[in-house]
Amino acid sequence: MADLRALQETAKAKWEALEQAPRILVGDADCGRAQGSQGVLSAFRQEIERRHLSATVMPVGCLGLCSSEVLVRVIRPGKPPIVYGSVTPTRVPAVVEDALTSDRPRDMALGTWGDSNGWGLPNLLEDPGLRLQTRIATQDCGSIDPWDIDHYIANGGYTGLGRALGMTPQQVLDEVKNSGLRGRGGAAFPVGRKWEFLATAPGPVKYVACNAEEGDPGAYNDRRLMESNPHLVLEGVTICGYATGAVKGFIHVRTESALSVARLRRALEQMYANNLLGQNILGSSFSYDIEIKETGEAYECGEETALMESVEGKRGFPRARPPFPAQVGIFGKPTNVNNVKSYAFAPIIMARGAQWYASYGTEKSKGTILLCLSGNIVRPGLSEVPMGITLRQAIEVVGGGIPNGKALKAMQLGGPLGGFLPPSALDMVLDFDSLAGTGAMLGSGGNVVLDQDQCIVQFTRLLTAFNQKESCGKCIPCRVGTKRVLEIYDAIVHGQGRPEHLDRILELAQTMTSGSLCGLGQLAGTPLRASLRYFKEEYEAHVKDKRCPTGQCDMGKE
Amino acid sequence: MSPRGLEPITAKDVPETGLEAQIREVLKPFAGQRDQVIPALQRIQERLGYVPEAAAREVSRLLGVSPNFVYGVVSFYGDLRAKPHGQHAVRVCTGPACHVRGALRLLRAVEGHLGVPVGGTTPDGQYFLETVSCLGTCANAPALAVDTEPVGLVAPEQVDQALARGRPETAPMHRGGRSEG
């Protein structure tokens, strides 16, 4: 593939030149931005200039240590990278001194990324939490500048697409099927099989849609990927287009995810400029377009049929299925809808092979989880861990346990339509199927951790309020059901609850499950059932004794 | 008679001719494209701060959908507004991860600092206050955003510093804008 080789040669030359001089990598995904990475980047540029040093300052994505942002990695040729955490603009001169101009770094660094070369600093890669990680989708996150396509290509980007274009579409589908990749949006349907539905659908116009809506509170892996390595996602959407015979891909993303949108748009321009999109991609007979289709704030648009309505410019109401999107989709044309992460693994599977991917994870849940830990945990943030680790490993090893010496009370998995798990579930395995029957599921990877001081009733009320607000209104059981449930919770947390309310909650949950067209209504009862199952005493204290055990609820007020 | 929620243009708004010209300029790229209703409305809102009735009617006319359709879209998507608000949104996250790390306390502090309740606009028209369900910066909870710029680990005593950090000049340009950082 001559065109790709030319791109790779240019990119590698540029990357090798970059490696000749010291580099300062600043975490500039939203985890870094929220801690002021833009100011830190400016401060480094100014300091380097002031001292007339030769060093490249570059923004990078999420390194996987989100709770220590702003993270800075300083890489000098031939030396191990030095990692600094919680960097602020005022600390920048000291960091430059420590990493670049002094004879060796002292104690202000978090450690080194690899053996510390006798400096006496901890090797972060030996940290148990980091050792547990298997960075596949996030392999380049934190190492490359997400604004620069050459960085992506120099590190293997578009090899997958290149290989795919040298195969038949059916061979590409077989590779994805053989990898065992299952969808990462929550339903976990085998991705290769789903693509095959579109491949066998009649043309000539077929579409691919990437669900980048990410409305689940507590889930942020899609946005981190788009911010840290937009090309990975776009390459995956392109490979899907080739494998299924689609003519165009839509990235359905919220305008308010501004950094994701900006980086995707820049990456898209670069793809077109380098013949990676448009007519005759890389000199092949495959032509394909991608459109970044921005949407407004509406959680329901993360549902695949409501997503299609939004792409069409309408209110995001779900459609009945059948017909399924692969039969009747966007503008009535056959469409494949998958989550960002499901597409993100495709370029890597095509480049390294199905067998390589299938060597990670468990028998039925191949690959990795992009885990979003948050809440009452020492190290919240994004980590990529193999399928099959236990919840205990996630909470204690990756997450560092519960802060301030408090006890774990509950883990809320899978977003506001997901369930709860108590501490007794810590030795359960995290994958797609092992949690079946517990009332919880992996979902899109979010895990909100609650400590002993959190009121489960208050927390469940919050999830219910979200579901009620986001109910699109199409189905009465969901529209009115979520409202009635919220009214009951409002009464309970204000000391007006009654024991019969608990039965009523379960009745309403059942009505919503049986009577709703889409997952929002159908699953709105999941957190209700799960919290009642594991925390019944806490509810009973509220409704029988009019007492909130944690003291979080204002039990006496209206 | 205007549909409920879409305010008629009054004298205190931009003069008629100026407003219409602005609206047409913003909407020109979307002419005839019904599927671009949402982005068209968002670009209007970016320019004017909200979607006035005149803009909604022009979207209807130019993109080929009914005014009722446009109103339906404006009322469905939470970020689209049919009424004027302050210049910058202060968006405090009250999602589950922020909730367990003190979002409610932070929200009260922000309300106190701005002097307005949730939904209100400061008297100088600079900020309006809203809550959001997830900014995606859960590792830095509790968080808020000024427009789309996230600010994490905000202590209730440091609201003014947080608002300063979220200044819009540092917000990323989208639509293929300049290299940031």
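None of the figures in this text is laboratory data; all of them are computed from the coordinates on show. Here the structure is a predicted model, which is why all the values come from computation and not from measurement. In this analysis, Cβ positions are derived from the backbone assuming ideal geometry, glycine residues included, and neighbour counts consider all displayed protein chains.
Bridge orientation summary for chain A: considering DSSP beta bridges with both residues in this region, about 50 percent are antiparallel.
Projecting the Cα positions of A:Asn467, A:Gly519, A:Ala530 onto the charge dipole of the stretch A:452-546 (unit charges on Cβ atoms of Lys, Arg, Asp and Glu, taken about the Cα centre) puts A:Gly519 furthest along the positive direction.
When the trypsin sites (Lys or Arg not before Pro) in the stretch A:525-558 are filtered for DSSP coil states and for at most 10 other beta-carbon atoms within 10 Å of their beta-carbon, the remaining sites are A:Lys557. Note on the stretch A:20-131: Cα-Cα pairs beyond 22 Å make up 25% of the total pair count. What you get for the stretch A:203-342, charging only the Cβ of Lys and Arg (+1) and of Asp and Glu (-1), is a dipole of about 300 debye around the Cα centre. Across the stretch A:85-204, Cα pairs under 8 Å and at least six residues apart give a relative contact order of 10 percent.
Listed cross-link partners A:Lys14/A:Lys206; A:Lys314/A:Lys341; A:Lys366/A:Lys469 are compared with a 30 Å cut-off, the Cα-Cα value being larger for A:Lys14/A:Lys206; A:Lys366/A:Lys469. If you put +1 on each Lys and Arg Cβ and -1 on each Asp and Glu Cβ, how big is the dipole of the stretch A:368-451 around its Cα centre, in Debye rounded to 20? Once rounded to the nearest 20, the dipole reads 260 debye. Taken about its Cα centre, the protein assembly as shown carries a charge dipole of roughly 860 debye when the Cβ of each Lys and Arg holds +1 and the Cβ of each Asp and Glu holds -1. Beyond 23 Å in Cα-Cα separation lie the following of the pairs A:Lys293/A:Lys333; A:Lys293/A:Lys483; A:Lys406/A:Lys546: A:Lys293/A:Lys483; A:Lys406/A:Lys546.
For the stretch A:1-45, the square roots of the Cα gyration tensor eigenvalues, ordered a ≥ b ≥ c, give a/c of at least 1.5 with a/b no greater than b/c, which places it in the oblate category. Across chain A, Cα pairs under 8 Å and at least six residues apart give a relative contact order of 13 percent. Based on the convex hull around the alpha carbon atoms, the protein assembly as shown presents an average projected area of 31.6 nm².
How do A:His151, A:His52 rank when sorted from fewest to most other Cβ atoms within 10 Å of their own Cβ?
Sorted ascending by nearby Cβ count, the order is A:His52, A:His151.
Farthest towards the positive end of the charge dipole of the protein assembly as shown, among the residues A:Asn178, A:Cys372, B:Ala141, is the Cα of A:Asn178, using unit charges on the Cβ of Lys, Arg, Asp and Glu. Using a 7 Å offset from Cα along Cα-Cβ at A:Arg479, what residues in the stretch A:279-317 end up with backbone N under 15 Å from the label point? Of the residues in the stretch A:279-317, A:315-317 have backbone N under 15 Å from the label point off A:Arg479. Legend: helices of chain A (whole DSSP H runs) are marked when their alpha-carbon atoms reach 20 angstrom or more along the helix axis and their mean Kyte-Doolittle hydropathy is at least 0.5; marked are A:230-244, A:476-493. Using every pair of distinct Cα positions in the stretch A:456-543, the Kirkwood expression returns a hydrodynamic radius of 12.5 angstrom. What does the C-alpha gyration tensor say about the overall shape of the stretch A:157-357? Classify as rounded when a/c is under 1.5, otherwise prolate if a/b is larger than b/c, or oblate. The shape class here is rounded.
Run through every distinct alpha carbon pair of the stretch A:133-262 and return the Kirkwood hydrodynamic radius in angstroms, one decimal place.
With all distinct Cα pairs of the stretch A:133-262 included, I get 15.7 Å.
Distances between every pair of Cα atoms in the stretch B:52-171, grouped in 10 Å steps from 0 to the bin holding the largest one, split as 14, 39, 27, 16, 5, 0 percent.
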